[in-house]
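The values are calculated or read from the model by the stated rules, or taken from the named source; none is laboratory data. The structure presented is a predicted model; accordingly, all values stated were derived computationally and were not measured. Cβ placement follows ideal geometry from the backbone for every residue including glycine, while neighbour counts extend to all protein chains displayed. For accessibility, only protein heavy atoms count, side chains too; no ligands or nucleic acids. Shrake-Rupley method; radii C 1.70, N 1.55, O 1.52, S 1.80 Å.
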Amino acid sequence: MAVLQAKLDALQARLAGLSFAPQGWLGAARAEALTRLTAMGLPGKRDEYWRYTDPTGLNVAAATPVALFDPRDEPPPFDAIDRLKIVFVDGVFDPTQSDALAMDGVVIERLAGAEGADIHWASGLYGVLEARGQNPVQRPLATLNSAFASDGVLIRVTATPSKPISLIYQQKSETSDVILHNCIKVESGAEVILLENGAAAARLNHVTEVEIADNARFHHIRAQGRAHSRQSNTHLFARIGRNAAFKSFTMTANGKLTRNDAVLELLGADSVAHVAGVALGDGAFHHDDTVFITHAAERCESRQVFKKVLKNGAVGVFQGKILVKQGAQKTDGYQISQALLLDGDSQFLAKPELEIYADDVKCSHGSTSGAIDETALFYLRSRGVPLREAQSLLVLAFLAEAISEIEDEVISDDIRQRLQSWLARHEH
Amino acid sequence: MLEINNLHVKLEEEDKVILRGVNLKIGAGEVHAIMGPNGSGKSTLSYVLSGRDGYEVTDGSASLDGEELLEMEPEARAAAGLFLAFQYPVEIPGVGNMTFLRTAVNAQRKARNEPEISAGDFLKLVREKAKTLKIDAEMLKRPVNVGFSGGEKKRNEILQMAMLEPKMCILDETDSGLDVDAMKLVSEGVNALRGAGRSFLVITHYQRLLDHIKPDFVHIMAAGRIIKSGGPELALEVENNGYADLLAEGI
């Protein structure tokens with residue numbers, strides 16, 4: 001099928017202000033990505049994968065400026081956690097706020113300037129998982145990212161570091177339009193926690209490619225910024241080896257438009273891939289979780305747990321797919337997406353999909369949307385718990401299954417507190 | 001303690017009158033039982049007193065120690081000292097029983113301008129009270145009432161009552177779904193709470209519960225009104241003869 005002219009026109013407009021350095025391995029990877037992108041064009045409203053989310057804001061040539069968000073009452077996430085901090089301000093690495101990019105067990109390099117360096121392992125990853133993730137569904141925004149990302153980190157985890165690596169994306173400009181790309185390789189036997197937080201930019205295009213070797217474990221906890229008008233799309237591509245684990249949790253509070261894609265491939269036997277998220281939206285909020293998990297090996301387990309709390313016309317979207325390939329016997333796939341609609345104006349759109357080519361598998365999926373349980377609410381109030389506190393308690397209870405996907409208790413407590421404080425600020 | 005005058009209640013959504021002039025006065029430290037056939041309005045009375053949505057008070061009043069109850073939010077009634085032990089305790093997945101108890105205790109303390117209970121003191125207190133009700137640590141950790149047996153749920157209600165120390169306790173068919181041993185356990189829990197400052201309104205179908213929780217007064221409710229009041233002997237009369245005679249008398 002010929003690519004729609006409109007998609008190509010949109011791409012040409014988008015490319016106007018973008019360029020990249022053609023040198024080295026990175027230049028070659030970028031050029032290759034641009035070639036692929038040019039054949040695809042940008043996503044259109046008629047694409048099945050963009051059926052519930054209008055990509056216009058992510059496509060247009062210039063980002064819509066947004067007022068900076070003043071977090072006032074709340075310190076940034078993960079503040080109390082001992083971690084290696086890497087700070088980007090409007091997409092630009094900030095050495096003054098960052099720790100030294102060194103820690104036992106990891107090698108950290110910046111993407112900016114990497115074209116001249118011989119980073120052999122990264123050249124096998126950058127744009128590679130993204131390219132694999134284009135089949136069977138095209139994800140042109142990720143390809144745009146591979147071609148034009150201005151910065152990011154390349155992290156090679158060779159052993160288990162003593163503390164988490166924390167990527168902090170600050171926004172200080174109302175017009176920042178940022179493209180960041182991270183590559184992470186967790187080598188055999190290693191385990192690492194990656195934290196990410198911050199509003200990042202007026203518009204953010206973010207890609208992380210993760211390769212998890214046999215017997216390695218990767219934990220990812222992300223708190224997307226509270227800025228109301230920001231627009232962002234993120235892609236998480238992961239390739240998971242044998243007896244390995246990938247666990248990712250995202251908390252999203254506010255944001256005019258957020259599209260989080262996760263494309264995970266279980267390539268070795270006995271591995272797990274968990275991806276979870278909670279999203280809180282009040283008013284102009286559109287949040288889309290799109291997940292594609294491929295089981296290509298035996299005895300792997302995947303879990304998708306997504307919970308959204310929506311009010312005042314907020315919209316939540318979930319598109320989740322489990323593909324079980326031939327031979328991926330004893331697969332255990334679980335998928336749940338639920339929305340708590342706090343009023344009649346809000347909307348939840350869900351498209352769960354299962355595609356199974358093996359005959360000895362266990363796959364379950366569920367999707368619900370509903371209001372707060374009035375009986376439970378009365379029960380709590382009859383014990384003296386004030387209405388708003390009772391509502392918050394029930395909302396947190398609704399989110400509990402997703403939060404419990406975070407293994408580290410200090411981090412899950414931090415996330416829970418953030419959710420509580422959001423609920424307190426957005427009382428019904 | 002509790003004073004109900006000429007209480008008329010209908011369902012909010014439909015034109016169905018349930019209570020047609022209930023009068024009841026419960027003094028401090030007294031235990032009253034209300035018996036009556038199905039559909040007589042017993043549970044409605046308990047819900048209206050505790051502030052559940054869905055009912056419309058068309059006439060009459062109810063007060064707790066002189067405070068007008070019916071205008072108050074459910075949480076304010078609880079803080080004022082009213083407690084309803086539910087006939088069907090509600091399951092709340094995702095909320096731990098301990099968190100629930102502590103939130104409730106502290107919310108009431110806050111409403112009464114008392115300091116919050118410390119985590120240590122709370123734990124000590126809840127363990128002590130749970131032990132007498134044979135509620136184990138596992139039950140305290142589980143989500144509120146989720147996966148509890150009928151007996152466990154009712155014991156959990158009494159535990160909440162023991163922790164919250166209300167002055168006016170309404171037990172709505174606390175005996176329903178209980179075997180003999182569980183009924184004894186629950187009754188012992190209730191009896192341990194009896195005292196000069198605490199009153200009880202025990203709603204039940206059967207005299208059996210009243211063997212364990214001995215009432216000072218027994219009222220028979222039918223078609224939305226209390227048609228007869230008396231001492232404990234009234235419950236025995238019901239047990240022996242059923243409601244039919246009383247109903248005939250009442251009309």
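Couple of notes before you dig in:
- Check on residue A:129, buried (at least 19 other Cβ atoms within 10 Å of the Cβ) and part of a loop (DSSP other than H, G, I, E, B): no
- Each residue in the stretch A:78-92 was checked for being open to solvent by 60 Å² or more (accessible area, probe 1.4 Å) and in a strand (DSSP E or B), and 2 of them qualify.
- Selection count where residues are open to solvent by 20 Å² or more (accessible area, probe 1.4 Å) and at the interface with another protein chain (Cβ under 9 Å from one of its Cβ atoms), scope the stretch B:97-108: 2
- Candidates are the residues of the stretch A:115-126 that are more than 27 Å from residue A:40 (Cβ to Cβ), out of contact with any strand residue (DSSP E or B) (no Cβ under 8 Å at 6 or more places or on another chain) and not in a loop (DSSP other than H, G, I, E, B); the one that is least open to solvent (accessible area, probe 1.4 Å) is A:116.
- Only one entry in A:381, A:418 is away from chain B (no Cβ under 11 Å), out of contact with any His (no Cβ under 8 Å at 6 or more places or on another chain), open to solvent by less than 70 Å² (accessible area, probe 1.4 Å) and of a type outside the set (Phe, Trp, Tyr), namely A:418.
- Contact map, the stretch B:238-251: first residue under 12 Å from residue B:222 (Cβ atoms) and open to solvent by 40 Å² or more (accessible area, probe 1.4 Å), second residue assigned to a helix (DSSP H, G or I) and at pLDDT 80 or above, Cβ cut-off under 9 Å, separation 6 or more or different chains; pairs are B:245/B:237.
- Index of the failed condition, residue A:327 passing every other in (1) touching a residue at least 12 places away in the same chain (Cβ under 8 Å); (2) under 25 Å from residue A:396 (Cβ atoms): (2)
- Of all residues making up the stretch A:74-128, the number that are more than 24 Å from the chain's Cα centre (by Cα), within 20 Å of residue A:207 (Cβ to Cβ) and among the β-branched types (Val, Ile, Thr): 1
- Hits in the stretch A:352-375 - residues which are surrounded by fewer than 16 Cβ atoms within 10 Å (Cβ to Cβ), within 25 Å of the chain's Cα centre (by Cα) and within 22 Å of residue A:301 (Cα to Cα): A:353, A:354, A:355, A:364, A:366
- One residue from A:283, A:344 being modelled with pLDDT under 95 and at positive phi: A:283
- Answer residue from the stretch B:184-194, given it is under 15 Å from the mean Cα position of the chain (by Cα) and part of a helix (DSSP H, G or I) and is surrounded by the fewest Cβ atoms within 10 Å (Cβ to Cβ) among those: B:191
So that you can scan it fast, the table gives a plain yes or no per residue for (1) open to solvent by 10 Å² or more (accessible area, probe 1.4 Å); (2) of a type in the set (Phe, Trp, Tyr); (3) touching a His at 6+ places or on another chain (Cβ under 9 Å):
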{"site": "A:270", "(1), (2), (3)": "yes, no, no"}
{"site": "A:280", "(1), (2), (3)": "no, no, yes"}
{"site": "A:284", "(1), (2), (3)": "yes, no, yes"}
{"site": "A:293", "(1), (2), (3)": "no, no, no"}
{"site": "A:304", "(1), (2), (3)": "no, no, yes"}
{"site": "A:326", "(1), (2), (3)": "yes, no, no"}
{"site": "A:337", "(1), (2), (3)": "no, no, yes"}
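- Only one of A:75, A:95 that is farther than 22 Å from residue A:228 by Cβ and either open to solvent by 20 Å² or more (accessible area, probe 1.4 Å) or among the aliphatic types (A, V, I, L, M) (or both): A:95
- Screening the stretch A:155-261 for strands (runs of 3 or more DSSP E) wholly inside it with 1 or more residues that are among the acidic types (Asp, Glu) and open to solvent by 10 Å² or more (accessible area, probe 1.4 Å) returns the ranges A:177-186, A:191-198, A:203-212.
- Number of positions in the stretch B:122-173 that are in a loop (DSSP other than H, G, I, E, B), over 14 Å from residue B:91 (Cα atoms) and in contact with a Gly (Cβ under 9 Å, 6 or more places away or on another chain): 4
- Restricting B:197, B:231 to residues that are at negative phi, out of contact with any helix residue (DSSP H, G or I) (no Cβ under 8 Å at 6 or more places or on another chain) and open to solvent by less than 20 Å² (accessible area, probe 1.4 Å) narrows the list to B:231.
- Residues considered: B:177, B:224. Of these, the only one that is under 30 Å from residue B:80 (Cβ atoms), surrounded by 15 or more Cβ atoms within 10 Å (Cβ to Cβ), small (Gly, Ala, Ser) and in contact with a helix residue (DSSP H, G or I) (Cβ under 7 Å, 6 or more places away or on another chain) is B:177.
- Within the stretch A:45-67, the residues that satisfy the criterion of being surrounded by 18 or more Cβ atoms within 10 Å (Cβ to Cβ) and either β-branched (Val, Ile, Thr) or in contact with a Phe, Trp or Tyr (Cβ under 8 Å, 6 or more places away or on another chain) (or both) are A:53, A:66.
- Strands (runs of 3 or more DSSP E) contained in the stretch B:1-91 and holding at least 2 residues of a type outside the set (Ser, Thr, Tyr) and either open to solvent by 30 Å² or more (accessible area, probe 1.4 Å) or more than 10 Å from chain A (Cβ to nearest Cβ) (or both): B:2-11, B:17-26, B:31-35, B:55-64
- Residues that are closer than 29 Å to residue A:416 by Cα and assigned to a loop (DSSP other than H, G, I, E, B) do occur in the stretch A:52-60, at least one of them.
- Once the stretch A:48-72 is narrowed to residues that are free of Cβ contacts under 8 Å to residues at least 24 places away in the same chain and over 22 Å from the mean Cα position of the chain (by Cα), the residue that is nearest to residue A:200 (Cα to Cα) is A:70.
- Matching residues in the stretch B:109-121 - criterion: being in a helix (DSSP H, G or I) and more than 8 Å from chain A (Cβ to nearest Cβ): B:109, B:110, B:119, B:120, B:121
- Unmet criterion (only one of (1) out of contact with any Gly (no Cβ under 8 Å at 6 or more places or on another chain); (2) closer than 27 Å to residue A:368 by Cα; (3) at pLDDT 95 or above) for residue A:245: (2)
- Condition met for residue A:393 (touching a strand residue (DSSP E or B) at 6+ places or on another chain (Cβ under 9 Å) and in contact (Cβ under 8 Å) with a residue 24 or more places away in the chain): no
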